[in-house]
Each structure stands twice: as C-alpha cells, then as structure tokens.
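Here's the structure, in structure tokens; my notes come after.
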Amino acid sequence: MEAEELLAIARTATAEDPVCAACIGRLVADRSFGLANEARGNALRIVADLAADEPHEPPAATECWVCEGHSARVDEWAARAVECLDGIEFATYMVGCRVPPLLEENDRLLRELCGLEPDAGEPLKAELNREVGKLVGKTTDTIVDFDRPDVVVLLHLERGTVEREINPAFVYGRYQKRERDIPQTEWPCTDCGATGKQFGPDGEEPCAGCDGTGYRYDRSVEGLTVPQVVEAMKGTEGVFHGAGREDVDARMLGTGRPFVIEVKSPSRRTPDLATLEWHMNEAADGAVVVSELAYASHEMVERVKELPASKRYRMDVEFDAPVDEPAFASALDQLAAATIEQRTPNRVDHRRADRVRTRAVYEATGSLESPTTATIEVHTAGGLYVKELVSGDAGRTEPSLAGVLDIPATVTALDVVAVEGETEPFDDPAYLLAE
Ligand SMILES: [Zn+2]
Ligand SMILES: [Zn+2]
C-alpha cells in the first residue's frame, strides 16, 4: 500500500469521528504484524494530524459509532468470560462472539467511506475474539485451542450475555466382568418400552418383564461404572464406549476389555485416577473390576471402537452323545486351521441384515472332562460368533465343532479371557492414548 493511500485512509477515518483507534487500525490490520489494532489506529491518527493543515479536533469522549464502544470494553468482556468459567477446570479455551448485523454494517460503511473493499482489514468479531481471548488466557493461565478446546465462551454483544459450553472429558480403562448375566450397556425392557409400567385389570402396575425397573437386567457394566466417573468429573451424564462387547452371559476375564467413558459438560477433567478406580470398583462390588484408568482425548472413542481385536474364549461345552478323545482332538485341529463361514446367527437381533462373514480361528485347544462334556479354549478373529462355532447354528456356521464331530454340541458357559490387538499393540495404553 502506498504511503499516500494510507494517509488518505487515515484522513477519511479520523474525519468520521468519533471512531476509536481500534476500529481505524482494523482497516489496515493486514498491513503490519505484531501490532494491536489500537496501536495501528493511533499511528494513523498521528499521521493524519501531522499532515493536516489545521490541527484536527481530538475525538470527543463519545462512543465510537463503528463498534459502539465494544473495542474499549475488551477488559470488561474478558472479566465476564473469566467469571462465567469460574469453578470449571479447563486447560484450553476458545472465545467466540456474536456480532449484531448492525455493527457488521458499520464496518462495511466505514470501509466504503475510506474507499476500501467491504471486507478489508479485520472484522470486529475477529478483533474481539482475539483480544478477549488473550486476556482470558492470561488471567486463567490456559491456552487457546481453535480445534477442540475444553471450553468455549460465547459473547453475545447485542444481548450483553456470556454463555459457556464445556466439551466432554474422557477416561480410558479396561474392565473385567467377573459375573455372568451382565450386559455391557443398559438394556431397556422391550415389554414396557423402558417405562417400567404395564396396564393390568386394575390399571397401571409395575411391568412384569422387568419388575418395574424399565431394564431387562438390573446391572450393566455401564451402570456400574459410568455414574462414578460422572460424579468424579462433576458432569451431567456419561456414555460408555467399549472395544466391542461380550455376550451378556459371558464373563470378560484376563487383561480385560478396553473402554472409554465420555462425560458431558464436566466441571473437572482430571480427577485423581487412583481414587476414581477405587470408587468404581467399590460400587461394582466385584462384579466388574476396572484397571489402567487414564485421561483420554475424544479420538480415543473411535480408536477403541475400531481397533481390530482378536479374542480368546474359554467355553464349557456339552455334547448330546459321547465323544471319543481322538475324534475330539482331530475336530479341534480342523477348526484351528479353518476359515469359518458364518451367517448372522438366529439368536442375533433380527433387524441386523443376514449376511455371510468369514473369520479365522487361530487356535483351538481343549480337553474332555467326561464323554459328553469338554472345556475348550479358542483364539479367533474379532467378530466371530463363537457359540455358533461350537453348535453350528443349524448349518449357518461352517465348519463347526458339532458339524465336524457330527454330534450336537452346546456352549453352557463362556468367558472372554483376552481381547488382543491383531495389528496394533492393543495392550499398550501408551499407544492407545497417543495423540
Ligand atoms: Zn470502535
Ligand atoms: Zn418392563
């Protein structure tokens, strides 16, 4: 920009007084770096004064018509933003503001008067976001994050209000489920539509399907763990994200299954994890045991859900007729070398599309406890329905233990003993938690 052009802008802008230094500086905000708009504006004002034939009257102490005085109220807005975050734990923040259309129009008008493009320099919104933001960061000793801040403060210029939004916080961990008949997530009762009520001859009564609780099972891994985390983080609600799930009647043993608990609108983001773990395990009373708690980011949710995991299962199996040792051993060897073709099991939710999936069995070992009972341990790719690997599911799973032996077989007890990574170091929290 030519010096003369700058001088013309300075002259026109100051002639439109009262215009504050920040609003003048914003006109040429893209012309120099490392200067506040107010400093730019003051410099232009001085230049205009020096070049004037007659001294320019200093602006009266009236409010700038362009920003209606908001540039001068940065301290006030920042103080209110800080106040609205009082009592909230956060490390990163972002400030945004809603500028009324009238003020945006003022910006365009001043630019038109100065012969500039309507969007020249910097808009009021950007100036306020940055200047109020800088002060908020300085006062609270936190850093700005435009991508995924812990908190967002919104200044509503017209209403004169300040709103805050707190982004969720996350805790990673692994759980063991040491008792059967516990679903991973809460399972609403379908008899009563989770209302816990039904209508009998005498009117409304507790639903018989769920004893009036609204849930099929009175406990779930989610129900036993999430409330403690919500409490510790002083949030409003929590969501359980598991790395896959085991059947309701299967235990989850060994090193446990990774999970992330998401807490909405938390006032605390870094509760003491040892204390939290103690509270969670105390509340679950041995039915569920959590370990390896760590603070996590939102990326962990997808990472935990999508990690390709293989599973190790231990099963008790019953046969409808006696099985001899060599046939049993040979059947397991055949399964261990097989790729299983499996149609969606009959027991699975019928809303799920019926399709054929192929899954590998990596290992199958076991021992006959009696001619008609056995204990089997299998290591399979994630997503294999393992009860059907034993029963054959009326020919829908091929091959199967029952099919190879030609003797009907049923799983009577199932435990997941390990959830392992197929291609990732699944057991390494340092990997899982890496940004
Ligand atoms: Zn102004
Ligand atoms: Zn019910």
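Every number in this text was worked out from the coordinates using simple rules, so none of it is lab data. The structure presented is a predicted model; accordingly, all values stated were derived computationally and were not measured. Heads up, the Cβs are rebuilt from the backbone with ideal geometry, glycines too, and the neighbour counts pull from every protein chain shown.
Before moving on, here are some points about what is shown:
- Distance between the pseudo-spin-label points of Thr161 and Glu318 (7 Å out from Cα toward the beta carbon): 6.3 nm.
- Across the chain, Cα-Cα distances exceeding 33 Å account for 57% of all pairs.
- Whole-Å distance, taken between Cα centres, linking the range 61-126 and the range 263-333: 50
- Per-residue [θ]222 nm for the chain (sum of -39500 (n - 2.57) over DSSP H runs n ≥ 4, rounded to 500): -9500 deg cm²/dmol
- Full extension of the chain between Glu204 and Thr410 gives 70.1 nm of extra length, using 0.36 nm per residue less the Cα-Cα distance.
- Seen against the Cα atoms of the chain and their longest principal axis, helix 221-232 is set at about 30 degrees.
- FRET efficiency estimate (nearest 0.05) - Cβ-Cβ, Thr372 to Ala337, R0 30 angstrom: 0.75
- About the Cα centre, charge dipole magnitude for the chain (Lys/Arg +1, Asp/Glu -1 at Cβ), debye: 500
- Added length on full extension, which subtracts the Cα-Cα distance from 0.36 nm per residue, Ser267 to Asp53: 71.0 nm
- Degrees, to the nearest 10: 101-113 long Cα axis against longest axis of the chain: 50
- Hits among lysines - C-alpha to C-alpha of Lys311 under 25 Å, sequence gap 8 or more where chains match: Lys177, Lys387
- The chain: relative contact order in percent, alpha carbon pairs under 8 Å with at least 6 residues between: 13
- Amide H contacts under 5 Å for Thr255, placed H, 5+ residues apart: Val419
- Charge dipole of the range 309-421 about the Cα centre (unit charges at C-beta), most positive-ward option of Ala360, Leu414, Leu335: Ala360
- Out-of-range pairs (alpha-carbon distance over 29 Å; input Lys125/Lys305; Lys134/Lys305; Lys264/Lys305): Lys125/Lys305; Lys134/Lys305
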